Each structure stands twice: as C-alpha cells, then as structure tokens.
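Bear in mind these aren't lab numbers, they're just calculated from the coordinates by the rules spelled out. Computed from a predicted structure; not experimentally measured. Don't worry about glycine lacking a Cβ; one is built from the backbone with ideal geometry, like all the others, and counts go over all protein chains shown.
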C-alpha cells in the first residue's frame with residue numbers, strides 16, 4: 001500500500017525535474033516598450049509605428065542567433081502630453097522594461113524627457129521632430145533616430161522660393177510642434193526674402209476656421225503654410241475650398257500620411273509637404289521592410305515614420321544583444337553609436353543623442369498618393385501647382 005502511495009510522488013519529482021531542465025534552456029524574455037498615439041486623430045501614425053516595432057521584435061524572435069526573446073509592451077499616449085507623462089511613468093517605473101521606442105507627437109515627447117531621465121530608462125524617439133527633444137536637455141537617456149524640423153523647414157523655404165513663390169500666410173497649431181515649425185520656417189523664409197503676410201495660431205481641436213481663412217483670403221497670399229498634424233490640416237484644406245480659396249497648400253511632415261489624403265479626397269491634389277529621410281521604398285532597407293511588413297497582414301499601413309520605428313527597435317535589440325538587458329549599459333552603448341547600419345541608413349548619435357540625418361524629401365500629392373517631387377508630373381512641368 002505504501003509503495004503505491006510513493007510511486008506517484010516519484011513521478012511528480014521526475015516531471016518537475018524535466019520541467020525545470022526544459023525551462024533553463026529557454027531564452028530570457030526582455031521587454032521593450034513602444035509608446036505612441038494608438039487612438040485619436042493621429043492614430044494612423046502611431047499604429048503604423050507600433051506595427052513596425054512589432055515587426056522588428058518578431059523578426060528577431062524568429063532568428064536562431066538571438067540570445068533573448070523579446071516582448072513589445074505597447075502604450076497609448078493619445079498624442080496628449082498629460083497622458084504621455086502618465087504612460088511614460090508607467091513604463092519607466094517598470095523595472096522589467098529595459099528600453100523604449102517613444103513618441104510620434106512632439107508635445108508629448110517634450111513632456112516626457114524628464115520622466116525617462118528620472119527613472120534612467122533609455123529611449124529612442126521614432127517620429128517627433130521638435131529640436132528641443134534632444135537639444136533642449138543633456139539627458140543621456142534621450143535619443144532620436146529621425147531628424148528634426150530645422151532642416152525640414154530650411155529645405156521647404158528654399159524649395160518654395162525656387163518655385164517662384166514669394167508671399168505666404170501661416171496657420172499653425174499652438175502646440176510645441178506647431179509653434180516650432182512656424183519658428184523655423186519663418187526664420188528660413190525671411191533669410192531668403194520671402195514674405196509672411198499674416199500668422200494665425202489655432203487650437204489643434206478647432207473645428208471651424210472661417211474667421212482665420214476669411215482674413216487670409218483678404219491678404220491674398222500665394223501659399224498657405226500649415227504647421228500641424230493631419231486632422232487639423234484636413235479641416236483647413238476642406239474649408240478653404242468652401243470659401244473659394246485656391247492657394248497652394250504647404251504642410252509639414254505632420255500631414256504626410258494616408259489619413260490626410262483620405263480626409264480631403266480630391267482636394268489633396270497638389271498639396272506639398274516635406275519630411276526628413278528618404279521615401280521608404282528608397283531607404284537602404286526599405287524594400288525588405290515593406291515586403292516583411294506586407295507579409296504580416298497588419299490591419300494598418302506602416303505610414304511615413306514606420307521605418308524609423310522599426311530602425312529604433314532594431315537598434316535597441318542590437319545593443320541588448322551586445323551588452324545585455326541592463327538599462328545603464330544600454331544607455332552607455334547608445335551614446336557611442338557610430339555608423340550603425342539600419343534600414344533607414346547609418347545611424348550616428350551626436351552628443352545630444354540626435355541622429356545626424358541631413359536628407360530632406362520633398363513630396364507632392366498626385367492622383368491620390370504622396371509622390372516624390374522629383375518623380376512627379378509637377379516637377380516635369382506636365383502639371384502646375386497653381
């Protein structure tokens with residue numbers, strides 16, 4: 001009777017031993033957070049970024065050479081600074097998260113840099129373009145793989161002057177993002193003898209722009225420059241049409257999305273915008289990225305900054321593979337990154353953690369798609385902006 005009772009206990013011990021041995025062969029799971037706008041008016045960019053970061057995680061987990069298994073912890077900042085601080089604090093306070101791929105919206109990124117510094121969480125910004133995110137502090141935890149709005153607006157002003165335009169009206173949202181774009185565009189434009197006839201700051205949630213557009217119509221500019229994100233830009237462009245305004249509409253990287261085209265339909269034709277980096281399909285690893293992304297059957301497109309989110313995630317993983325899942329070691333390694341190969345080209349962080357990207361791409365909407373200016377019928381002279 002006693003032997004019968006002991007036999008199951010032996011089996012239990014054997015099973016436990018096998019289980020423990022099996023577990024010891026499994027790679028350690030390392031958590032990386034992704035933070036961006038997953039809901040709200042600019043969620044298209046955030047979802048594309050999240051999917052792209054998830055793609056980098058999945059590809060690395062499928063590699064037999066990986067030392068670890070990686071898990072993406074996705075958080076929604078809603079493109080709102082107060083929400084951004086909350087989710088940044090949640091991620092940074094979680095000691096199981098060793099690094100972050102963070103923020104599409106500049107106002108949110110600006111509001112969270114001190115949080116990451118306080119908790120010592122190394123992050124790479126993947127979409128926000130306000131220069132002060134990296135250059136407004138000395139926090140060693142803050143890095144950015146995409147470029148800033150300084151060069152973007154310099155190229156925009158120079159290009160538009162070359163096209164023969166000389167008079168602008170400016171509408172910008174009153175966030176750090178919108179005010180920053182206006183600041184750098186105004187500087188670049190006046191240095192090139194362009195004239196701004198009037199400037200109008202608007203709330204990004206504003207719905208009716210009749211008052212501002214009526215005043216702009218009376219000023220009779222050749223171009224309306226918009227510093228803001230796609231949802232506000234959609235409303236402004238649509239209301240221009242209702243008032244019979246046919247000025248050229250010039251935007252920033254914040255409107256380079258399928259959502260802007262979908263929002264204004266045929267009125268999108270001839271809209272201009274500028275963005276740092278090359279078009280995805282012309283990036284060094286762009287074709288590979290696009291093929292891999294399409295193969296995953298994501299419900300949303302990668303959008304303009306998806307490749308940067310992928311590159312940021314992939315870089316973090318490369319660093320973890322080299323130094324291990326330790327926040328301090330990851331931060332130190334990121335701070336000396338030099339000519340690191342990525343799908344967006346070589347990444348080099350300067351003393352403020354800013355990737356030194358010089359290339360700015362000019363886009364125009366043609367037949368319902370964002371087209372590289374040099375490849376467009378506008379550049380060839382077959383179509384006219386106005």
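Site pair residue 296 and residue 192 shows an inter-label distance of 3.7 nm when each label is modelled 7 Å from Cα along Cα→Cβ.
Averaging the sequence gap over all C-alpha pairs within less than 8 Å and six or more residues apart, then dividing by the number of residues, gives the chain a relative contact order of 18 percent. Against the chain, whose longest principal axis is taken from its Cα atoms, helix 286-295 shows a tilt of about 60°. Here the residues 229, 219, 197, ranked from fewest to most Cβ neighbours within 10 Å of their Cβ, fall in the order 219, 197, 229.
Relative to the current alpha-carbon distance between residue 62 and residue 377, full extension at 0.36 nm per residue lengthens the span by 109.1 nm. FRET efficiency for the residue 326 to residue 132 pair, using the beta carbon distance and R₀ = 41 Å, is estimated at 0.90.
The listed peptides 247-255, 149-157, 134-142, ordered by packing as a protection proxy, come out as 247-255, 149-157, 134-142 (highest mean of other Cβ atoms within 10 Å first). Taking label positions 7 Å along the Cα-Cβ direction at both residue 118 and residue 96, the computed distance is 2.3 nm, reported to one decimal.
Rounded to the nearest 500, what is the chain's calculated 222 nm mean residue ellipticity when only DSSP H runs of at least 4 contribute -39500 (n - 2.57) each, over all residues? Walk me through the numbers on the way to the answer.
Values: 14 runs with 172 residues, N = 386.
Theoretical 222 nm ellipticity from helices: -14000 deg cm²/dmol.
Among the listed values [x] 20.5; [y] 22.6; [z] 19.1, the one matching mean projected area of the Cα convex hull in nm² as calculated from this structure is [y]. May I ask for the distance between the Cα centers of segment 38-112 and segment 257-288, given as a whole number of Å? For segment 38-112 versus segment 257-288, the Cα centre distance is 23 Å. If a paramagnetic tag sat 7 Å from the Cα of residue 220 along the Cα-Cβ line, which residues of segment 145-178 would have the backbone N under 15 Å from that point? So the set is 166-169. How far, in degrees from 0 to 90, does helix 43-61 lean away from the longest principal axis of the Cα atoms of the chain, to the nearest 10? Result, in degrees: 30.
Distance between the modelled labels on residue 199 and residue 287, one decimal in nanometres: 4.5 nm (7 Å Cα→Cβ projection).
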